[in-house]
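Data block below; observations after.
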Amino acid sequence: MSETMTEARDVELSGDPDGGEDAPIQLLPLDAWHRARGGRMVPFAGYEMPVQYDGIMAEHLWTREHAGLFDVSHMGQLLFTGAGVDQSLEAVLPGDIKGLGEGRMRYSLLLNDDGGIVDDLMVTRLPATGPFHDGEGEAPAIYMVVNGATKYDDIGYLLDVLPDAITMSLLDEQALLALQGPEAVTALARLVPGVDRLVFMTAGAFEWNGTPLWISRSGYTGEDGFEISIPGDVAAAFADALTEQPEVKPIGLGARDSLRLEAGLPLYGHDLDPDTTPVMADLGFALAKRRREAKDFVGAERIVSERENGPATKRVGLMVEGRQPVREGALVVGDDRVEIGRVTSGGFAPTIGAPIAMAYVPAALAVPGTVVTLAQRGKLHRATVAAMPFVPHRYVR
Amino acid sequence: MPRYFTEDHEWIDVDGDVGTVGISDYAQQQLGDIVFVDVPAAGRRFAKGDEAATVESVKAASDVYCPVAGTVVEGNAALEDEPALVNSDPEGEGWFFKLTLADTGDLEDLMDETAYEAFVAKL
């Protein structure tokens, strides 16, 4: 018995399993914590990370019903300060960063000259009072969370494009924990009173046992939940306090992937890459109207024209017939068995009890209800284009 | 009834010239939740080491190799509706297929239960 690869050629593995980097593997602040709880550690994005504890299926369903604690400390937490920091970031991000209020956050994209996606990220305007910066008042600050496998490339790219007046710091002493699920708010509010006042895509400064926390109401599962930035040396004690709550269990990367797939959320390095534009990826909501009209961000030329004229291919959801998962790298084929598209994520959806996938297909087929044929390891599968998310989002707005 | 194991974590029970093939308890633990099993149809002929079945967990697809040469007499139809049998009873109800051995000499290269346990302990 041995693990088999899907048939498609040159599958990109930039987010998985080892981040495509030559750097030595790093350890998370919670490395020993995961091992003590039976986490099965695998290399991912340059780190040893827990892929599962009790089993992916059980962890997935637990998160949908209760609350799951995810260690996402491999992700890059970046701090930008300096006069005009929002204006400067707008050169590379297509979103409305200037219009972002304190404690408000947005999903955005780092783009290249061709409008391709270099990374996807969350960007938040910090209050003048901090955290992470001295809070002298005059220095506006932006906090950004980028993907783990791409963080060093992002830093290099941003150093090139940002003016000298802007200071960028990698907050690599900070751990990042996500608490996700319908009972996340109950469990977290018990330890950190007041977090229930946050709504989806807002953030604020809190404290636990004298430790400063930066908490946002956001996540990557489609459920209500929080992401918590905490000093790495306190993370284990805080993770202990969270998992002592009856609602909370630690959840590995495996369930994180199946949860985000059901939520219709793309994964960088798989569903998004430098050859994919936000229009192809169906991420038009990340393109602010003012920015589209001004065409004043990197890659705007192509993106705006593609938005008006329609992309050649588009990211869609697929419900796969039968029980066999169709995974990343499988091909979407036409009647003559010729490749017309590509599956970029796929697997068994525990909440649905059936295989689902994301794929890029010709725009004409990107309509819910369209039946397409997939080819994987010499076998053909039928699938139907489906609206995403596959499982409804339950954000608290 | 003697049971043999491969280094790829298949097991085979042999009764006369008919063998029953599955994957070991260690293998199912490594794979995690099994969501799909593709077993070979009766009549399929395999050489020793051929890919004979596919087993898919939530995370990944894996090939199952035929531990000996032979001709399939039956695939385990129960796995179609209940692939999780491979998790709950990997070395019993979760068997994959039965085949007629072409050459019982193929068994000589395989490990017995004690040798396999020692092999797994070192992994």
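Side notes on the structure shown:
- Entry remark, the range A:148-169: residues being among the polar types (S, T, N, Q) and crowded, with 16+ Cβ neighbours inside 10 Å number 1 in total.
- In the range A:33-56, the residues that are within 13 Å of another protein chain (Cβ to nearest Cβ) form Cβ pairs under 9 Å with partners that are small (Gly, Ala, Ser) and in a strand (DSSP E or B), at six or more places apart or across chains, as follows: A:Ile56/B:Ser57.
- Checked against the criterion of being buried (at least 21 other Cβ atoms within 10 Å of the Cβ), among the aliphatic types (A, V, I, L, M) and within 14 Å of chain B (Cβ to nearest Cβ), the candidates A:Leu318, A:Leu272, A:Leu331, A:Leu259 yield just one match: A:Leu259.
- Candidates A:Leu89, A:Leu109, filtered to the one that is crowded, with 22+ Cβ neighbours inside 10 Å and over 30 Å from B:Ala60 (Cα atoms): A:Leu89
- Identity of the residue in the range B:56-76, touching a residue at least 40 places away in the same chain (Cβ under 8 Å) and buried (at least 24 other Cβ atoms within 10 Å of the Cβ), that ends up nearest to B:Val86 (Cα to Cα): B:Val64
- Criterion applied to B:Ala84, B:Ala61, B:Ala102 was being more than 12 Å from every other protein chain (Cβ to nearest Cβ) and more than 11 Å from the chain's Cα centre (by Cα), and the one residue passing it is B:Ala102.
- Filter pass, A:Pro140 being outside the structural domain of A:Ala32 (by TED's automatic domain parsing) and within 20 Å of A:Ser73 (Cα to Cα): no
- Unmet requirement for A:Ser216, which otherwise passes all of (1) buried (at least 19 other Cβ atoms within 10 Å of the Cβ); (2) under 15 Å from A:Asp71 (Cβ atoms); (3) not charged (D, E, K, R): (2)
- Any chance A:Asp172 is surrounded by fewer than 23 Cβ atoms within 10 Å (Cβ to Cβ), in contact with a Leu (Cβ under 8 Å, 6 or more places away or on another chain) and over 27 Å from A:His393 (Cα atoms): no
- Residue satisfying condition, being within 26 Å of A:Pro231 (Cα to Cα) and either modelled with pLDDT under 95 or out of contact with any strand residue (DSSP E or B) (no Cβ under 7 Å at 6 or more places or on another chain) (or both), within set A:Ala36, A:Ala83: A:Ala36
- Filter result for A:Thr344 (out of contact with any helix residue (DSSP H, G or I) (no Cβ under 9 Å at 6 or more places or on another chain), free of Cβ contacts under 8 Å to residues at least 60 places away in the same chain and among the hydroxyl-bearing types (Ser, Thr, Tyr)): no
- From the options A:Arg315, A:Arg377, A:Arg323, residue that is closer than 27 Å to B:Val37 by Cα and in contact with a strand residue (DSSP E or B) (Cβ under 7 Å, 6 or more places away or on another chain): A:Arg323
- Restricted to strands (runs of 3 or more DSSP E) entirely inside the range A:315-379, those with at least 2 residues that are in contact with a Gly (Cβ under 9 Å, 6 or more places away or on another chain) and not hydrophobic (A, V, I, L, M, F, W, C) are A:339-349, A:354-362, A:371-376.
- Within the range A:147-166, the set of residues being of a type in the set (Gly, Ala, Ser) and in contact (Cβ under 8 Å) with a residue 60 or more places away in the chain comprises A:Gly148, A:Ala149, A:Ala165.
- As a summary of the residue check, A:Ala359 satisfies the conditions (1) over 24 Å from B:Glu82 (Cα atoms); (2) touching a helix residue (DSSP H, G or I) at 6+ places or on another chain (Cβ under 7 Å) except for the one numbered (2).
- The range A:337-357, subset within 13 Å of chain B (Cβ to nearest Cβ) and among the hydroxyl-bearing types (Ser, Thr, Tyr), residue surrounded by the fewest Cβ atoms within 10 Å (Cβ to Cβ): A:Thr351
- When A:Tyr360 is tested against the conditions (1) more than 20 Å from the chain's Cα centre (by Cα); (2) of a type outside the set (Gly, Ala, Ser); (3) away from every other protein chain (no Cβ under 14 Å), the lone failure is (1).
- Here is the figure for the range B:9-51: residues that are within 11 Å of another protein chain (Cβ to nearest Cβ) and among the charged types (D, E, K, R) total 4.
- Close Cβ contacts (under 7 Å, 6 or more residues apart or on different chains) running from residues in the range B:106-123 that are under 25 Å from B:Val18 (Cβ atoms) to residues that are among the small types (Gly, Ala, Ser) comprise B:Asp106/B:Ala69.
- Residues satisfying the stated conditions in the range A:324-379, i.e. closer than 23 Å to A:Thr4 by Cα and among the charged types (D, E, K, R): A:Arg327, A:Glu328, A:Arg337, A:Glu339, A:Arg342, A:Arg377, A:Lys379
- Positions within the range A:243-270 being in a loop (DSSP other than H, G, I, E, B) and either of a type in the set (Phe, Trp, Tyr) or under 30 Å from A:Arg35 (Cα atoms) (or both), in sequence order: A:Glu244, A:Gln245, A:Pro246, A:Glu247, A:Ile251, A:Gly252, A:Ala263, A:Leu265, A:Pro266, A:Leu267, A:Gly269, A:His270
The values are calculated or read from the model by the stated rules, or taken from the named source; none is laboratory data. Owing to the predicted nature of the structure, the values given are computational and were not obtained by experimental measurement. Using ideal geometry, Cβ is built from the backbone for each residue, glycine included, and neighbour counts are taken over all protein chains shown.
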